[in-house]
Amino acid sequence: MRLNALLEMPELGLSTIVGQDELDRPLRWVVTTDLLDPGRYLTGGELVLTGLIWRRTPADSETFVAALAAAGVSGLGACEARSGDLPQDLIDACRRHRVPLFHVPQALGFAEVTEHIVRRLSGARASDVKAVLDRHRQLVSGAGLDPVLAMIGRDLGMRCWVLTPSGRLVSGSHTLPESAARDLARAFLTAKRLPCVRGGYTIFPVDEQTTSRVADWFVAFEGSFDDWSEERRAMAGELAAVAALEKVRQDDRHSPEGRIAQELVRLVMTDGRPSDILPRLQVTGLAGADGYVAVAATADGGLRPGELRAVVKEILYGSAATVIGIVEGEAVALVPASEGDATARIRAAVHALAPGLGGCHLTVGVSGTAQVTGLRGAVEEARYARRMAEGRAEPDAVVGHDELATHVLLLASVPDDVRHMFRVRLLDPLRSYDQVHRADLVRTLEAFLQCSGSWTKCAELLHVHVNTLRYRIQRIQDLTGRDLSRLEDRVDFFLALRLG
């Protein structure tokens, strides 16, 4: 903003007394003073307002104006408190030192003048910052968000922060207490519509149109945007756009590290050789850990694979190193084992994100600690736990390894080809027969084992006559060569069904 803009503000009623040819000077701020020598309190570029209380003799005007000129002020607005007129010695001093002089109407208080000018300055600065943000967005600088938010905090006096849905601080113009960050995250996840004002902060989504809220970032400003000018609102939108670009930049799915993480997860899940796994562990920073924990997660009802990966990454944030891969819609992660209950930490993190899931059902399974040679077993254990979580009603179910039955732990360590062959030999004859005759033998077998071999209970469960049940069981035994009166054969069928 420049001095000549003051003459375009009719609500001020200012008139130029001296310096009509100096009105292109930039105006940075407004200061009111009644000190004879206010130079030490000025930094340059100000419009100084004074009621001339400092003036005792005509010589005082020279002292006062010389101090303003030395400080580099942009101009002086004055009004004699009693008469409203300006003394000639003040006019002459301003002309000598080339300080533009404005006459302020006596009826207009300095506080009102300051309010009008500051409002105009804020709008102009918001427009300037918006332009800088727009350039930053176009250039996609790799410097991150810190210098951008620092600029907004410094030039506009607006405290602002970029956070994740769990309340993790990505960047900020000032410090933010952890409790405030958590409260803002919950407000972001639970708000019916955005932007919104909660607890003295305004919350903007970063990428609301294309990203599920639980996988998005948000920008929080101190204060209510209801009081903002259009320029400030536009600036907030530009900052959200810059944050969206930074979010994309930090997405490592397509980086070399991200591709290696994906390869590592696939190798572990297909029982890859240690000679192939170890180099990738080293590249990802996981090598040398005392042990590893596997985490498996799926989301039914809305999250895309990339969003699921972002949610899992947020859940596991804080681990020394994290490897995440997506295999057939399931996110699988490996993290170094640490002291404490990993399942409890993950459950707390998932619970914090739950309000943003909407209609999505997020299920997570967590393994126990395993060494490098047992990574595949840990992943299978986590996947079994995740399948168990699917049967739970809550939208953010987490099942840890301590909730798994012992046979699940055993099955998790069996190679894929062995499990496949075991399942095929026992169950494929029954499935083939069911496809041709619609005999429901597999379902009958499951019910029979569920009822611990009780003919009466099983018949009631299936709503069939006991003789029909006996016929089906006999057909199962004939097709498989097994005897369901023997405990060993029942166990084999039970395990085969669990593997299916």
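Coordinate-derived values only; no laboratory data. All values reported here derive from a predicted model rather than from experimental measurement. Ideal geometry is used to build each Cβ from the backbone, glycine not excepted, and the neighbour counts take in all protein chains shown.
Starting with the fewest neighbours, write out Arg387, Arg472 ranked by other beta-carbon atoms found within 10 Å of each beta-carbon.
In order of increasing Cβ crowding within 10 Å: Arg387, Arg472.
Give the Cα extents of the stretch 256-412 along the principal axes, in whole Å, largest first.
Here the spans come out as 42, 37, 29 Å, largest first.
Apply the Karplus parameterisation 6.51 cos²θ - 1.76 cosθ + 1.60, with θ equal to phi minus 60°, to every residue of the stretch 434-448 and state each ³J(HN,Hα) to the nearest whole Hz, in sequence, with x for glycine and proline.
3J(HN,Hα) across the stretch 434-448, in whole Hz: 5, 5, 7, 10, 6, 8, 6, 6, 5, 5, 5, 4, 4, 5, 4.
In whole angstrom, how far apart do the alpha carbon centroids of the stretch 42-59 and the stretch 411-474 sit?
Cα centroid to Cα centroid, the span is 97 Å.
Starting at the first residue of the stretch 12-27, write each ³J(HN,Hα) from the Karplus equation 6.51 cos²θ - 1.76 cosθ + 1.60 with θ = phi - 60°, in whole Hz, x for Gly and Pro.
Per residue, the Karplus-derived 3J(HN,Hα) values read 8, x, 6, 10, 8, 9, 9, x, 4, 8, 10, 7, 8, 5, x, 10 Hz.
Of the peptides 91-101, 11-21, 429-439, 303-313, how do they stack up when ordered by the mean number of other Cβ atoms within 10 Å, highest first?
Highest-to-lowest ranking by the protection proxy: 303-313, 91-101, 11-21, 429-439.
Binning at 20 Å from 0, report for the chain what percent of all alpha-carbon pair distances ends up in each bin.
That works out to 19, 32, 23, 15, 7, 3, 0, in percent per bin.
Determine how many Å³ per residue the convex hull of the Cα atoms of the stretch 455-500 encloses.
Measuring per residue, one finds 85 Å³ for the Cα hull of the stretch 455-500.
Starting with the fewest neighbours, write out Met151, Met1 ranked by other beta-carbon atoms found within 10 Å of each beta-carbon.
Details: Met151 16, Met1 19.
Fewest to most other Cβ atoms nearby, the residues stand as Met151, Met1.
Are there cysteines in the chain with no other Cys C-beta under 4.7 Å, and if so, which?
If one checks each Cβ against the other cysteines of the chain, Cys79, Cys94, Cys160, Cys196, Cys360 turn up with nothing under 4.7 Å.
Provide the per-residue ³J(HN,Hα) series for the stretch 44-52, in order, calculated from phi with Karplus coefficients 6.51, -1.76, 1.60 and θ = phi - 60°, each as a whole number of Hz, with x at glycine and proline positions.
Per residue, the Karplus-derived 3J(HN,Hα) values read x, x, 8, 9, 8, 10, 8, x, 6 Hz.
Using Cα centres only, tell me the gap between the stretch 309-358 and the stretch 151-197 in whole Å.
What the calculation gives is 22 Å, centre to centre.
Where does helix 342-353 land angle-wise versus the long Cα axis of the chain, in degrees 0 to 90, nearest 10?
Roughly 50 degrees, rounded to the nearest 10.
Would you mind checking the stretch 311-336 for residues with the amide N under 16 Å from a putative spin-label position 7 Å along Cα→C-beta of Asp252?
Flagged as within label range: 311-326, 332-336.
For each of Cys160, Cys360, count neighbouring Cβ atoms within 10 Å of the residue's Cβ, then give the residues from fewest to most.
Going from least to most buried by this count: Cys360, Cys160.
Please work out how much length the chain gains when fully extended from Gln435 to Asp21, using 0.36 nm per residue of separation minus the C-alpha to C-alpha distance, in nm with one decimal.
On the way: separation 414, 0.36 × 414 = 149.04 nm, distance 9.59 nm.
This chain segment gains 139.5 nm when fully extended.
Using only Cα atoms, tell me the angle between helix 88-97 and the longest principal axis of the chain; keep it within 0 to 90° and round to the nearest 10.
60 degrees
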